[in-house]
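Peer 1: A single structure is presented below for examination.
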Amino acid sequence: MTTDQKNLIKATVPVLKENGVLLTDHFYKRMFKHNPELKNVFNMGNQQNKRQQTALAMAILAYAEHIENPAVLMPAIDGIGQKHMSLDIRPEHYLIVGKHLLASISEVLGEAATPQILDAWEVAYNQLAQIMSGHEHKLYSKQVQKQGGWSGWKPFIVKEKIVESSEITSFHLYPTDNGPVADFIPGQYISVRLFIPELNLLQPRQYSISSAPNGEYYRISVKKEVSVNVNPDGIISNRLHDFVNTSDIIEVSAPAGSFTLNTENDHPVVFISGGVGQTPLISMLENLIKSGSKKPKTWIHGCRDKNVHAFKDVIEYWAGEKQEVKKHIFYNQIDEQARSENLYKGWVDLNLLDPEVLSPDAEYYICGPGAFITKHYKELVGRGIKKEAIHFEEFGPQTLQL
């Protein structure tokens, strides 16, 4: 890019801050109108709740702000690239997106979108597409080189379906070819793709792998949405609960994700989760225990009550008989039978814990709703914990990282 083109991109930053979501909303509507086949690739639930539009607007803004040195965005680019790999996004998709994004800039900005601005954004987008597709090519190549690795979608059979709580059920997925499953780093996720008759679409969703690597199967643990009017975001989860049974075959993409367990040091680890957000953390904790890690381990989890508390027994076993982990559990509702040591009433509140629980030398892993992550991230930073020691996983489109 020329210096003049970079200056033109930076000059659009105020417009993107004010009208970014308006632009991306227009973009998605335009793209789905002209390329409706892409509705099978995108999560239509995140279209309805505007999370995807917001995430894209934030990504475009971040790119414009750092157009002089886009390398500083690599952590976010890697997270997006991991998600793209799990959805089987290919270089040809960038051509379609670029065409509709540039057209949307012209249509939304009107006369303000001068030929010079459009030319600058075309160069800028092509540069970003090259960065993204190049990074994703490396991810795909690394994936297929693994034993049992693959790219795209692969059939898996549901061999076990286990109820973990009143809301969460686990599915044990084995490859239909009876071969080994690709290894993964604890904390990563897979995508599952099902046909949804109500939408007449294939729809993908990401689910954290909730077990340590075992070479035989992946376990995902899925929460059922119990509201009367389930939005498209809960359709896949509920279909897994209600219609997918043992011996059924579903399509799965290879493990992906950059929220992963660091095993390269002996620092204590503290896991903080809300609800079904514990699933990637269970994988991390199980891996540490099975590998014989001597890291001090602390488990902090919150949910509504004991009936919805999945993996309660295994955590108690690891904390009690095995004495591998120290646990602190928060229930919104506690009955007399549920009362036990280190059980607290209310939402997860780090201020209720003894100060030594939150060691300044520990690494922290947080997973739950966006507001949950934000609250505890700020709390830890306020206690002097280094930001680089705090890791979090945001279910759905990436906005907190951006």
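Values in this text are rule-based calculations from the coordinates and carry no lab data. All of these numbers come straight from a predicted model, not from anything done at the bench. For neighbour counting, all protein chains shown are included, and Cβ atoms are generated from backbone atoms with ideal geometry for every residue, glycine included.
Peer 1: Give me a comma-separated list of calculated 3J(HN,Hα) values for the stretch 220-226, in order, Karplus coefficients 6.51, -1.76, 1.60 applied at θ = phi - 60°, integers in Hz, x for any Gly or Pro.
Peer 2: 10, 10, 10, 8, 7, 7, 9
Peer 1: How much mean residue ellipticity at 222 nm does the chain get from its helices, if each DSSP H run of length 4 or more adds -39500 (n - 2.57) and you divide by all residues, to the nearest 500 deg cm²/dmol?
Peer 2: Roughly -12500 deg cm²/dmol at 222 nm, from the helical runs in the chain.
Peer 1: Run the quick spin-label model on Tyr344 and Asn245: label points 7 Å from Cα toward the beta carbon, then report their separation in nm to one decimal.
Peer 2: The answer from the label model is 4.3 nm.
Peer 1: Take the residue pairs Lys290/Lys327; Lys294/Lys387; Lys6/Lys99 and return only those whose Cα atoms are more than 22 Å apart.
Peer 2: Lys294/Lys387
Peer 1: Here's another thing I want to ask about it. Relative to the first principal axis of the alpha-carbon coordinates of the chain, what is the inclination of helix 51-65, with its axis defined by its Cα atoms, in degrees from 0 to 90 and to the nearest 10?
Peer 2: 60
Peer 1: Non-local amide H neighbours of Tyr344 (under 5 Å, H modeled in plane, Pro and chain starts lacking H): which ones?
Peer 2: Ile329, Phe330, Tyr331
Peer 1: Let me ask you something else. Using all alpha carbons of the stretch 177-228, what is the percent of pairwise distances in each 10 Å bin, ordered from the shortest bin to the longest?
Peer 2: Taking every Cα pair in the stretch 177-228, the percentages come to 21, 40, 28, 10, 0.
Peer 1: Sticking with this one: Label-point separation (nm) for Leu199 and Val123, each offset 7 Å from Cα along Cα-to-Cβ?
Peer 2: Calculated label separation equals 3.9 nm.
Peer 1: Here's something else I'd like to know. Taking the number of other C-beta atoms within 10 Å as the exposure measure, put Thr246, Thr24, Thr54 in order starting with the fewest.
Peer 2: Thr246, Thr54, Thr24
Peer 1: Please arrange Thr2, Thr374 by how many other C-beta atoms lie within 10 Å of their C-beta, fewest to most.
Peer 2: Thr2, Thr374
Peer 1: Using alpha carbon centroids, what distance separates the stretch 347-368 and the stretch 29-50, in Å?
Peer 2: The stretch 347-368 and the stretch 29-50 have Cα centres separated by 39 Å.
Peer 1: May I pose another question? First select every other residue whose beta carbon is under 11 angstrom from the beta carbon of Ala55; then total the charges, Lys and Arg +1, Asp and Glu -1.
Peer 2: For residues surrounding Ala55, the net value is +2.
Peer 1: Something else: Asp4 to Asn238: FRET efficiency via 1/(1 + (r/R0)^6), r the Cβ-Cβ distance, R0 60 Å, to the nearest 0.05? Each step should come with its number before you reach the end.
Peer 2: On the way: r = 52 Å, r/R0 = 0.87.
Working from the Cβ atoms, E equals 0.70.
Peer 1: How far is it, in nm, from the label point at Lys99 to the one at Val314 when both lie 7 Å from their Cα along the line to the Cβ?
Peer 2: Those two pseudo-labels are separated by 4.7 nm.
Peer 1: For Lys326, enumerate residues with amide H under 5 Å from its amide H, sequence gap 5+ or separate chain, H modeled in the peptide plane.
Peer 2: Sorted by chain and number, the residues that satisfy this are Lys297, Thr298, Trp299.
Peer 1: Mind sorting Tyr28, Tyr217 by how few other Cβ atoms lie within 10 Å of their own Cβ, fewest first?
Peer 2: Fewest to most other Cβ atoms nearby, the residues stand as Tyr217, Tyr28.
Peer 1: Compare the peptides 353-359, 57-63 by average per-residue count of other Cβ atoms within 10 angstrom and give them in order, highest first.
Peer 2: 57-63, 353-359
Peer 1: Now for a separate question. What aspartates and glutamates could a cross-link reach from Lys83, if we take a straight Cα to Cα line under 14 Å and drop same-chain neighbours fewer than 8 places away?
Peer 2: Glu136, Glu393, Glu394
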